[in-house]
Amino acid sequence: MEDVSCEKTLEKKKKEIVSTISHEIKTPLTVIKGNAEYLLYYGNVEEKEIVEEILENVSKALSILSGLNKLI
């Protein structure tokens, strides 16, 4: 009985850690995405390809984090 309780507690802690890390990474990525979108659509950006690449990679990273959350 005690082993099962420890396993459940450990699993709960793992989920909390992954969720916290995911959230802490998503927050700055979302800010980067918002700023890049602003530059792409409203800014005077000569290198739009670079901004588009930033957006593409931020979207990939956010997708990976979403997938990670679904695993737990």
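Under the criterion of Cα pairs below 8 Å and six or more residues apart, the relative contact order for the chain equals 38 percent. For the range 24-50, the residues whose amide N sits under 16 Å from a probe point set 7 Å from the Cα of Ala61 along the beta carbon direction are 24-38, 50.
Taking 0.36 nm per residue of sequence separation and subtracting the Cα-Cα distance, how much length would be gained by fully extending the chain between Lys15 and Glu37, in nm to one decimal?
This chain segment gains 4.8 nm when fully extended.
Surface listing: Val45, Val51, Val4 arranged by accessible area from highest to lowest gives Val4, Val45, Val51, probe 1.4 Å.
A 1.4 Å probe run over the chain, with the rest of the protein chains in place, finds 83 Å² accessible per residue.
For the chain, place one equal point scatterer on every Cα, skip the solvent, and apply the Debye formula. What is log10 of I(q)/I(0) at q = 0.27, 0.28 Å⁻¹? One equal scatterer on each Cα of the chain leads to -1.11, -1.14.
The values are calculated or read from the model by the stated rules, or taken from the named source; none is laboratory data. Quick caveat: nothing in here was measured; it's all calculated off a predicted structure. With ideal geometry, Cβ positions are generated from the backbone for all residues, glycine too; neighbour counts draw on all protein chains shown. Side chains included, ligands, DNA and RNA excluded: accessible areas come from the protein's heavy atoms. Shrake-Rupley method; radii C 1.70, N 1.55, O 1.52, S 1.80 Å.
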